[in-house]
Structures are given as structure tokens and as C-alpha cells.
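Engineer: After the C-alpha cells below, expect a handful of questions from me.
The values are calculated or read from the model by the stated rules, or taken from the named source; none is laboratory data. Everything numeric in this text was worked out from a predicted model, so none of it was measured. Methodologically, a virtual Cβ is constructed for each residue, glycine included, from the backbone with ideal geometry; neighbour enumeration extends over all protein chains shown.
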């Protein structure tokens with residue numbers, strides 16, 4: 001994948017988004033996340049993403065000795081922070097840093113989740129894109145282009 005300064009979330013997101021309903025349990029989420037090696041699950045109610053359960057949510061629940069039958073709507077982070085697919089990576093980096101999140105939902109204009117992105121990927125690629133832009137500006141400013 002070649003990323004240009006104009007790369008967007010659509011270029012790096014995964015569209016294979018896994019989810020569970022709010023009434024599913026900590027045990028359900030733990031099992032699915034473990035079996036499929038997932039770092040997060042969307043919580044979907046009535047076709048809408050109402051939150052997200054991440055590895056951090058699960059670890060905190062287990063550390064707090066919450067029962068395995070605890071409902072996900074009691075554990076989830078909500079609301080789910082989203083951005084449009086056309087958002088450039090540098091803007092996405094600013095969003096995940098300012099909101100201090102590790103998972104970013106990618107939503108279409110109707111609010112339907114079309115993908116997910118992991119913040120460390122956004123941070124890494126946005127930094128790489130910023131370095132490319134800086135290098136290109138240097139070449140142009142130096143008159144080498």
C-alpha cells in the first residue's frame with residue numbers, strides 16, 4: 001500500500017467489523033475476541049453502533065472481578081467516536097489524540113459504520129505522511145524539484 005499525503009481513513013480501515021448486541025455478556029465478548037483475535041467489538045442496537053467494547057474494557061472488568069454474565073452495555077465505552085471515510089490521516093491523528101482513543105469508527109453520511117481503524121495505525125501512518133510532506137516541501141523549497 002503506497003500512502004500519499006492525501007491518504008484517508010478509507011485507505012487503511014478494515015470493513016470486517018465484528019459486533020455484539022448490548023445484552024451480550026462479558027463472557028460472550030471475551031470468547032469472541034479471543035477466538036478471532038480482536039482488539040474491539042462494536043455494540044450494535046437496532047442497527048446503530050451504540051458503543052464499543054475494547055480489550056481495555058474487558059481487562060478492567062476482569063480486574064474488578066465483575067461477573068462474566070455482566071452485560072456489555074454496562075462495560076462499553078460510549079458514544080463510539082466516528083469519522084468519515086474521506087478524512088485525511090493527519091486530521092484522523094488529531095482526532096484520536098484529542099479524544100485519547102485507540103479505536104475509531106468510520107461512518108458514512110447516514111451514520112452507518114462502514115469500517116474501523118486502530119488508532120496506532122492512524123498515528124503511525126499520519127506521522128509517516130507528515131514526514132513525506134515535509135520532505136517534499138524541503139525539496140521544492142530548496143529548488144531541487
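Engineer: Here are some residues: 26, 3, 42. Which one is at pLDDT 95 or above, surrounded by 13 or more Cβ atoms within 10 Å (Cβ to Cβ) and touching a helix residue (DSSP H, G or I) at 6+ places or on another chain (Cβ under 7 Å)?
Structural biologist: 26
Engineer: What are the residues in the range 96-115 that are in a helix (DSSP H, G or I) and either under 11 Å from the mean Cα position of the chain (by Cα) or without any contact (Cβ under 8 Å) to a residue 24 or more places away in the chain (or both), if any?
Structural biologist: 96, 98, 99
Engineer: Let me ask something else. For the range 129-141, state whether one or more residues are touching a strand residue (DSSP E or B) at 6+ places or on another chain (Cβ under 9 Å), at pLDDT below 85 and closer than 20 Å to residue 15 by Cα. Full working, then the answer.
Structural biologist: Residues of the range 129-141 touching a strand residue (DSSP E or B) at 6+ places or on another chain (Cβ under 9 Å): 129.
Then keep just the ones that are at pLDDT below 85; that gives 129.
Subset that is closer than 20 Å to residue 15 by Cα: none.
No.
Engineer: Keeping to the range 36-62, report how many residues are under 18 Å from residue 21 (Cβ atoms) and in a helix (DSSP H, G or I). Step through it out loud before you land on a result.
Structural biologist: Start the filter on the range 36-62 by keeping residues that are under 18 Å from residue 21 (Cβ atoms), which leaves 36, 38, 40-54, 57-58, 61.
So of that shortlist, the ones also in a helix (DSSP H, G or I) come out as 36, 57-58, 61.
Total satisfying the criteria: 4.
Engineer: State which residue pairs qualify: first residue over 14 Å from residue 108 (Cα atoms) and inside the range 6-23, second residue in a loop (DSSP other than H, G, I, E, B) in any location, beta carbons under 6 Å apart, and separation of 6 or more residues or different chains.
Structural biologist: Qualifying pairs under 6 Å: 18/38.
Engineer: Is one or more of the residues making up the range 98-110 out of contact with any helix residue (DSSP H, G or I) (no Cβ under 8 Å at 6 or more places or on another chain), closer than 15 Å to residue 27 by Cα and surrounded by 16 or more Cβ atoms within 10 Å (Cβ to Cβ)?
Structural biologist: Filtering the range 98-110 for residues out of contact with any helix residue (DSSP H, G or I) (no Cβ under 8 Å at 6 or more places or on another chain) gives 98-100, 105, 107-110.
If we keep only those that are closer than 15 Å to residue 27 by Cα too, we end up with none.
Among the residues of the range 98-110, not one is out of contact with any helix residue (DSSP H, G or I) (no Cβ under 8 Å at 6 or more places or on another chain), closer than 15 Å to residue 27 by Cα and surrounded by 16 or more Cβ atoms within 10 Å (Cβ to Cβ), which makes the answer no.
Engineer: Let me ask something else. Look through the range 63-88, keep the residues that are loosely packed, with under 13 Cβ neighbours inside 10 Å and assigned to a helix (DSSP H, G or I), and return whichever of them is modelled with the highest pLDDT.
Structural biologist: Here the residue is 74.
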